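Before any comments, here is the structure.
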Amino acid sequence: PLCDSLVQLAQMGRQLGVVYLIENLPPDYLIGRDPIQLAQMIRDLNDPYVRMCFDVGHAHMTGQVAGALEACLDVISYVHVHDNDGMLDSHLIPGKGCLPWQSLAPTMACLAHDTPAMLELFITESDLDDLIALDLADRLGSWLSLEESS
């Protein structure tokens, strides 16, 4: 099953020099929908070639996002950042859904300082250009508490 597949991924990763990231998924998926359970499987494997991609929006859809993030901190190597209404996997700009960013920010700050976070959005290229023109990066840093307050 999944544990055997993770062992095989770790072996391939070691041979190829590739770290595989296993992402938590929305609640309608049978495997991967519980980020804490997924993190425990990765922890049990205890191999640096299999780590976790923590998807903030997906975790929000399954319940307590801040608690799940905190429980997974030790195995996270990558973060997908987006917002939603807690029901649909809509990949909105942070702040456009109902994800509790203020309660999540202190836990986000506990991630290793070199952990990449990717904005994973379902928007058009022209909408993205508009957001960039409106200082999206500065606003994201503020929303995620990645920069000090002025």
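Computed from the coordinates by the stated procedures, all read-outs in this text should not be read as laboratory data. No experiment lies behind these values; they were computed from the predicted model shown. Cβ atoms come from the backbone with ideal geometry, glycine included; neighbour counts cover every protein chain shown.
Extension gain, Leu16 to Asp28, is 1.1 nm, computed as 0.36 nm per intervening residue step minus the present C-alpha separation. If you add up the charges near Cys110, with Lys and Arg at +1 and Asp and Glu at -1, over every other residue whose beta carbon is less than 14 angstrom from its beta carbon, what do you get? Taking every Cβ under 14 Å from that of Cys110, the sum is -3.
Residues with beta-carbon under 15 Å from that of Cys72, excluding Cys72: net charge, scoring Lys, Arg +1 and Asp, Glu -1? Don't jump to the answer; show the numbers that get you there.
Working: positive: Arg33, Arg43, Arg51; negative: Glu23, Asp34, Asp44, Asp55, Glu70, Asp74.
Local net charge: -3.
The label point for Ser5 and the one for Ala71, both projected 7 Å from the Cα toward the Cβ, are 2.1 nm apart.
When the chymotrypsin sites (Phe, Trp or Tyr not before Pro) in region 78-135 are filtered for DSSP coil states and for at most 15 other beta-carbon atoms within 10 Å of their beta-carbon, the remaining sites are Phe122. Here the alpha carbons of the chain define both size measures, Rg and Dmax, at 16.0, 50 Å.
Highest-first packing order for the peptide set 10-16, 123-129, 32-38, 59-65 is 59-65, 32-38, 10-16, 123-129, based on the mean count of other beta carbon atoms within 10 Å.
Taking amide H positions as modeled 1.01 Å from N, with prolines and chain starts lacking one, no residue 5 or more places away or on another chain lies under 5 Å from Leu121. Amide H contacts of Ile22: Arg51, Met52, Cys53, each under 5 Å away and 5 or more positions distant or on a separate chain (H built 1.01 Å from N in the peptide plane; Pro and chain starts excluded).
Round to the nearest 0.05 the FRET efficiency obtained for Asp138 and Thr115 when R0 = 22 Å and r is the Cβ-Cβ distance. Computed FRET efficiency for Asp138 and Thr115 comes out at 0.65.
Only four residue types carry charge here, +1 at the Cβ of Lys and Arg and -1 at the Cβ of Asp and Glu. Report the dipole size of the chain about the Cα centre in Debye, rounded to the nearest 20. Please list the in-between numbers first.
On the way: 6 positive and 22 negative charges, 104 e Å.
Using Cβ point charges on Lys, Arg, Asp and Glu, the chain gives about 500 debye.
Using the charge dipole of the chain (Lys, Arg: +1 at Cβ; Asp, Glu: -1 at Cβ; taken about the Cα centre), state which of Tyr78, Leu134, Cys98 has its Cα farthest towards the positive end. Positive-end residue among those listed: Tyr78.
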